[in-house]
Structure formats: structure tokens, C-alpha cells
């Protein structure tokens with residue numbers, strides 16, 4: 001009986017960890033409180049299709065921190081990329097330097113779905 005409880009607890013914990021890692025954003029975002037939508041993909045990816053009104057700041061670019069410095073650390077930001085990986089990395093780095101209201105919206109398609117913003121090409 002104790003072994004079954006341990007196995008169940010392990011499965012529940014593993015599910016929680018997996019869900020926490022893969023869940024990027026809420027179902028919908030109230031865009032009235034968002035300061036900016038930031039696309040952290042490359043300029044080439046951005047040109048192929050991005051959310052209407054999004055600002056492109058390449059996470060892997062040499063000027064990322066110089067460009068992001070124009071934004072108020074207390075603002076509310078929705079950040080997306082191709083899969084949610086780079087936006088997650090950018091959010092971790094921004095949190096480390098004092099940004100507080102950041103949402104990882106995942107991919108451009110996920111971000112369009114939860115923000116209601118169209119993808120423009």
C-alpha cells in the first residue's frame with residue numbers, strides 16, 4: 001500500500017513538473033493592460049509573420065539588452081518566439097534584471113490565440 005502511494009505521488013509530481021514547463025501562458029490575455037508585445041525571434045522570422053503591433057527584439061542578437069532598456073521594468077509585457085523556448089530564456093534574463101510583469105505567450109500562433117491579435121506578413 002505504501003509503495004502504491006509513493007508511485008502515485010511520483011507520477012503526480014512528474015505531471016506537475018511537466019505541466020509547469022510546458023504551460024506557457026494563460027488562456028487569454030487582457031490586452032488593455034499590456035504595455036508592449038515583444039517578438040524575440042530573428043528579424044527574418046519576424047518578417048515572415050508577426051503579431052500586429054509587436055516589437056521585434058532578437059533575443060540572440062548582440063543588442064538585446066540595449067534595445068530592451070527602452071522599456072519600463074514595471075510595464076506589462078507579452079513575449080513570444082517560435083516555440084516558447086527563446087521567450088522563456090528572455091523572460092528569465094529580464095526577471096533577473098528587474099522586469100516583473102512578463103508573460104510567455106509561446107509561439108506566434110499561440111500568442112495570436114491568447115491575445116486576439118492578428119498575424120501580419
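The values are calculated or read from the model by the stated rules, or taken from the named source; none is laboratory data. All of these numbers come straight from a predicted model, not from anything done at the bench. Don't worry about glycine lacking a Cβ; one is built from the backbone with ideal geometry, like all the others, and counts go over all protein chains shown.
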Item to check | Residue match in segment 61-73 (condition: at pLDDT 95 or above, under 16 Å from residue 31 (Cα atoms) and surrounded by 15 or more Cβ atoms within 10 Å (Cβ to Cβ)) | outcome: no
Next on the checklist: Any residue that is at pLDDT 95 or above and in contact with a helix residue (DSSP H, G or I) (Cβ under 8 Å, 6 or more places away or on another chain) - is there at least one of those in segment 14-32?
Outcome noted: yes
Checklist entry - touching a strand residue (DSSP E or B) at 6+ places or on another chain (Cβ under 8 Å), in contact (Cβ under 8 Å) with a residue 24 or more places away in the chain and not in a helix (DSSP H, G or I) - does that describe any residue in segment 65-74? => result yes
Item to check | Test for residue 83: is it part of a loop (DSSP other than H, G, I, E, B) and under 16 Å from residue 41 (Cα atoms) | outcome: yes
Checklist outcome for this item: When residue 93 is run through (1) part of a helix (DSSP H, G or I); (2) crowded, with 20+ Cβ neighbours inside 10 Å, the failure sits at (2)
Checklist entry - Of all residues in segment 96-121, which are surrounded by fewer than 16 Cβ atoms within 10 Å (Cβ to Cβ) and closer than 16 Å to residue 41 by Cβ? => result 109, 119, 120, 121
Checklist outcome for this item: Counted residues in segment 30-48 being part of a loop (DSSP other than H, G, I, E, B) and surrounded by 15 or more Cβ atoms within 10 Å (Cβ to Cβ) come to 4
Checklist outcome for this item: Among residues of segment 75-85 being surrounded by fewer than 20 Cβ atoms within 10 Å (Cβ to Cβ) and touching a strand residue (DSSP E or B) at 6+ places or on another chain (Cβ under 9 Å), the residue nearest to residue 37 (Cα to Cα) is 76
Checklist entry - What number goes with the only condition from (1) in a helix (DSSP H, G or I); (2) farther than 18 Å from residue 68 by Cα; (3) within 8 Å of the chain's Cα centre (by Cα) that residue 110 does not pass? => result (3)
